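Here the structure comes first, spelled out in structure tokens, and everything after it is commentary.
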Amino acid sequence: MIKSLTLGNKTFPVNIIQGPLAGVSCAPFRMLTWRYSQPAFSCTEMMSCKTLLHQPLSAHQRFVEKHPQEGPVCFQLSANNPKELAEATQKVTDYGADLIDLNCGCPVKKIRSKGAGSSLLTQTDTLFQLIQAMKKNTHVPVSIKIRVESADEKFNAEVAKVVSEAGTDFLVVHGRHWTEHYETPVRHDEIQFFVEMLKIPVIGNGDISCVSSLQKMFATGCAGVMIARAGVGQPWLIGQLIAEMKNEKFVLPAAKEIGAVFFEHVLGLTALLGSEKFAILQARQLTKYYARRLPKRNEFCAAVNECENLHDLKIICEQYFQ
């Protein structure tokens with residue numbers, strides 16, 4: 001099931017992708033994922049076209065910066081205006097995007113109220129124009145990332161028709177409805193519906209964290225798989241899954257190394273954000289993920305929540321990750 005993946009005019013050696021994660025998938029996170037796993041590519045955080053076009057670089061630096069040591073990157077955009085998306089597509093192409101994705105799955109009220117995210121799935125004419133705007137303004141592969149409509153096969157069929165006719169290079173399908181939370185299991189049959197409806201590659205997304213869940217997703221017939229939340233705090237996960245799928249031995253990093261990786265992640269955020277304070281605040285949101293296997297996980301998280309500088313954070317990491 002692990003094989004090369006061709007999307008538009010690009011071919012990648014593997015077919016597992018690190019997906020977009022709001023507040024997480026900026027350059028320091030992606031660089032660590034590339035170092036340990038070398039996925040087909042990783043995705044940026046979702047970025048608003050309006051911010052890209054009408055705000056100074058300082059307002060969107062964290063979204064567009066690429067680390068010199070990371071692999072291919074897919075820039076994910078949010079838009080509902082074809083003209084703005086056309087301009088933003090040109091801009092991120094110039095920034096070095098290897099692929100470009102339009103978010104059509106975000107369930108957040110703030111995004112939907114602007115006619116973007118998952119609300120685009122009910123605006124098929126606009127969706128067609130948006131895809132065309134991307135296609136006409138870049139040479140890199142373009143995609144859309146959607147959620148499904150589990151109660152209405154006709155709805156899914158209409159989306160598939162637009163995706164096909166607009167010339168999308170590939171489709172990413174998260175197998176949940178926009179109203180459903182992560183407690184609701186992914187609907188693999190809905191992902192398979194798009195696989196069977198379309199001639200372009202379909203990437204399956206949702207609930208993938210181990211070999212059995214990966215195999216279940218591949219059983220839909222999807223060309224590739226996108227992992228998102230499960231990769232936080234364990235940048236080696238994709239590499240581990242690739243090795244295990246090939247029946248190759250994989251050794252998990254020791255606790256000391258995990259602590260060092262966490263601290264390196266925060267150092268990267270400090271450089272990216274230009275602020276030790278903001279990096280520490282974001283580190284507090286990452287602690288529970290890096291501390292998955294720590295015997296004193298709660299103590300570690302509490303200590304980081306009290307921490308206010310990098311010097312103390314390094315000491316805490318060395319103390320708990322031994």
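The values are calculated or read from the model by the stated rules, or taken from the named source; none is laboratory data. Here the structure is a predicted model, which means the values were calculated and not measured. Note: ideal-geometry Cβ built from the backbone for every residue, glycine included; neighbour counts use all protein chains shown. For the accessible areas, the whole protein counts, side chains as well, though only heavy atoms, and no ligand, DNA or RNA atoms are used. Shrake-Rupley method; radii C 1.70, N 1.55, O 1.52, S 1.80 Å.
Annotations for the structure displayed:
- In the chain, the longest principal axis of the Cα atoms and the axis of helix 255-273 are about 60 degrees apart.
- Normalised size of the stretch 1-58, defined as Cα radius of gyration per 2.2 N^0.38 Å with N residues, equals 1.36.
- The value for the stretch 237-322 of Rg(Cα) / (2.2 N^0.38 Å) is 1.19.
- For the chain, share of DSSP beta bridges that run antiparallel, in % to the nearest 5: 10
- For the stretch 215-314, accessible area per residue (1.4 Å probe, heavy atoms of protein chains only), Å²: 49
- Listed residues R284, R292 arranged by accessible area, highest first, probe 1.4 Å: R292, R284
- Between G167 and any residue 5 or more places off or on another chain, the built amide H atoms are never under 5 Å apart.
- Altogether, the Stokes-Einstein calculation at 37 °C and 0.692 mPa s, with the Kirkwood radius of the chain over Cα pairs as Rh, returns a diffusion coefficient of 163 µm²/s.
- Within the chain, the longest segment free of exposed loop sites, counting chymotrypsin sites (Phe, Trp or Tyr not before Pro) that fall outside DSSP classes H, G, I, E and B and have at most 14 other Cβ atoms within 10 Å, spans 1-181.
- Alpha carbon Rg of the stretch 74-189, scaled by the compact-globule rule 2.2 N^0.38 Å: 1.02
- Inverse of mean 1/r across different Cα pairs in the stretch 102-254, Kirkwood, Å: 16.3
- When a 1.4 Å probe is rolled over the protein heavy atoms, the share of accessible surface on the chain that falls to carbon and sulfur comes to 50 percent.
- The stretch 5-86, accessible area per residue, ligands and nucleic acids excluded (1.4 Å, Å²): 37
- The chain, helix-only ellipticity at 222 nm - DSSP H runs n ≥ 4, -39,500 (n - 2.57), divided by all residues, nearest 500: -14000 deg cm²/dmol
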